[in-house]
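First up is the structure itself, then whatever we jot down about it.
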Amino acid sequence: MASSIRPSRYDVLFEPVRIGPKLAKNRFYQVPHCNGGGYRDPSAVAEMRRTKAEGGWGVIFTEQTEIHQSSEITPFIEQRLWDDREIPALARMAEAMKSHGALAGIQLAYSGINGPNLYSREVPLAVTGGPILTFTADPVQARTIDRDDIRNIRRWFRAAIRRAKTAGFDLVCLYGAHGFGIFQHFLSRVTNQRSDEYGGSLENRSRFVREVIAEAREEMGGEMAITLRLSLHEAGALGFSNAEVRDFIALNRDLPDLWDLAHGTWENCSGTSRFAPEAAQEDLVRGIKDLTSKPVVGVGRFTSADAMVRQVREGILDFIGAARPSIADPFLPKKIEEGRLEDIRECIGCNICVSGDMTGAISRCTQNTAFMEEWRKGWHPEHPRAKGPSESILIVGAGPTGLEAALQLGKRGYRVALAEATTTLGGRVARERGLPGLSAWGRVADYRTGQIAPLPNVETYLDSCMTADDVLEMGFEHVAIATGATWRRDAVARLHLVPIPTEPGMPLFTPDDLMAGDGPIDGRVMLYDDDHFYMGSVIAEALVARGCQVDFVTPATKIAEWTENTLEQAVIMRRLLSLGVNVVPSKAPEAIGAGEVRLGCTWTGAQTTIAADAVVMVASRTPNDALYHELRARDWQGAGILSLKLIGDAAAPGPIAWATYAGRRYAEELDAPDIGDALSFRRELAGLLP
């Protein structure tokens, strides 16, 4: 929080760099990223990007922007630039991006074989026709484009560039990465099986992008820069491999004004911290700068200023590309510039931000509780609203909810006491960070405890198990109960709504037991997962590391099915299979006996039996709300308490991002006017046409 002098080794990050006719003020480059807002929430998206401009980014891009109704990716909510009516919303965004001196960029996309057109109902058009390649396996096929279609698509790109210019953008990015954009579809032999002048040789497959860029330059008239986003590597014998990417760049060394390079699939490019370290794409991008005179940007979940400097000093990158780190801390560049590295809110690589796009919802961030709430709620990532008339708050529980609430209330100026029953701050993240692959998640606690420490108005009390009498006697005006939740051990979750018959002699454990150091250390273990997020697979890894033989039983058709939304499901499946875990989908325990578990098929009800020396339940969690309900039953108002609130997992268990959000919301809404039944956020409604 205290300002300090920036070490000179970071000066290189603040050098201006030219991109065609434009000059970026520094090397911090927010690459295009989705956010769940798109065309539905234009003001929310614009204010989110404006906040990044305030935070010091030199280049800021929109997300994928669909250029024409013949190629759209419903149910995903991205931006659209189908006609001139889209220009005002995008102009507002461009203005917001440029408000603090950043260059404003727009990513233009034509999805081709990836666009099912479920909304527009247009026949999908692809370089080579075939089934639509999407996350949702839509039962739709695209037809192969002919020369007239190619001319039309080029014309649509030109019209989109004209509109982008009118809206005030400085840069245009042509999207050809992650397997999603038509430029990659032309370049890759996987999706280009043409025999005309657009297929076959690399030079022929490059023809379309060369034509579009030539026409774009005519349309831009020297007033805008053009960037090309490419996958660094596409797997498979016919894939647009890293070697062929290098051949393409060498063949077209000065084609765009900047090369924007990202690993093959979105899953590979945005790997979670559990499976991909910082700078994971370095080997794929190293040496590409030698093939071109144009600047190169790459990504790698960069959170360390020293790692960023090394990328530039070693000639790997010209710009430090970031999506997720720019979400976790929009002020990352400014904090480095001011030498405040201890204040950086580092991305934990959990990909909960991605899940917002994947579910058609609004995105959120575990670390940055203000993400996508900048306009909707008026929240700022660095500055909570001013203090109200109250003075003192007691928060019971120092997990992610309690820590976030204490930090934000402390910054608002309240006197805060944070009471934690254990000897460690962090609650669930203090425990989960010790599980396989989740060490980065400890940043949730580390950042908040580090920020709270210098606040003189926030006091933390460890080893303080509060009773109702303690709370009533302390004299605080407001009390928040953030005591978390506990994993159930009776299989009650989504499938079983009541406990199943269980033999008392069977050793039965939960994730809480394993995180506390208890649980089986060998033998055959049946793990039951009706949670479907990350915990079941992480616990399975931990059990294998202990020497256990694991049968992973789930009523779903695949393990960890919700991690499709965080781009992890396939890699989790590969990891567990490689560890020798026996995956048993579409089954659930019906009864737990002595040395065995009776399973039922979730489709037919057919019964089978599986041997087990122990059982681990990853089902649902029970809120630890006993203190709250005891206080509610007492005369808490007579004790001078103005408000008593149950927050976070203690109210309704959810992912860690839900917990930190709950803490921020409590802090922001304290002393706020009662809004009754009104919405707690702003939204925009579509206008009616005649």
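Read-outs: derived from the displayed coordinates by stated rules, not from any lab. Just so you know, these numbers come straight off a predicted model, no measurement behind them. Cβ coordinates were reconstructed from backbone atoms using ideal geometry, including for glycine residues, and neighbour counts include every protein chain displayed.
Taking label positions 7 Å along the Cα-Cβ direction at both residue 464 and residue 15, the computed distance is 5.1 nm, reported to one decimal. In this simple spin-label approximation, residue 474 and residue 361 carry label points 7 Å from Cα along the Cα→Cβ vector, and these lie 3.1 nm apart. Rounded to the nearest 20, the Cβ-based charge dipole of region 347-423 about its Cα centre (Lys and Arg +1, Asp and Glu -1) stands at 260 debye. Exposure proxy ranking for 371, 509, 14, based on other Cβ atoms within 10 angstrom of each Cβ and starting from the fewest, stands as 14, 509, 371. Rank 339, 134, 164 by how far each Cα sits towards the positive end of the charge dipole of region 8-358 (+1 on Lys, Arg Cβ; -1 on Asp, Glu Cβ) and give me just the farthest. The listed residue farthest towards the positive side: 164. Ordering 533, 173, 212 by Cα displacement along the dipole of the chain toward the positive end leaves 212 in first place; charges were set at the Cβ atoms of Lys, Arg (+1) and Asp, Glu (-1). For the chain, a crude dipole built from +1 on the beta carbon of Lys and Arg and -1 on the beta carbon of Asp and Glu, taken about the Cα centre, is about 1660 debye to the nearest 20. With neighbour counts taken as other beta-carbon atoms within 10 Å, the residues 385, 376, 345, 155 rank, fewest first, as 155, 385, 376, 345.
Rounded to the nearest 5, what is the percent of antiparallel bridges among the DSSP beta bridges in the chain?
Values: 18 of 89 bridges.
DSSP beta bridges in the chain are roughly 20 percent antiparallel.
Between residue 683 and residue 218, the C-beta separation translates, for a Förster distance of 41 Å, into a calculated FRET efficiency of about 0.55. As a rough footprinting exposure proxy, the listed residues 119, 414 were ranked by other beta carbons within 10 Å of their own, and the order from fewest upward is 119, 414.
Nearest 5 is fine: what % of DSSP beta bridges in region 8-358 come out antiparallel, could you say?
10 percent
Distance between the 7 Å Cα→Cβ label points at residue 391 and residue 197: 8.2 nm.
For residue 25, the lysines whose Cα falls under 20 Å of its own Cα, not counting residues fewer than eight places away in the same chain, are 52, 98, 294, 334, 335.
Only the Cβ atoms of Lys and Arg (+1) and of Asp and Glu (-1) were treated as charged; on that basis the dipole of region 8-358 about its Cα centre amounts to roughly 300 debye.
Taking GluC sites (Glu not before Pro) as exposed when DSSP calls them loop and at most 14 other C-beta atoms lie within 10 angstrom, the chain has its longest site-free stretch at 392-683.
Once the chain from residue 314 to residue 250 is taken as fully extended at 0.36 nm per residue, the excess over their C-alpha distance is 21.0 nm.
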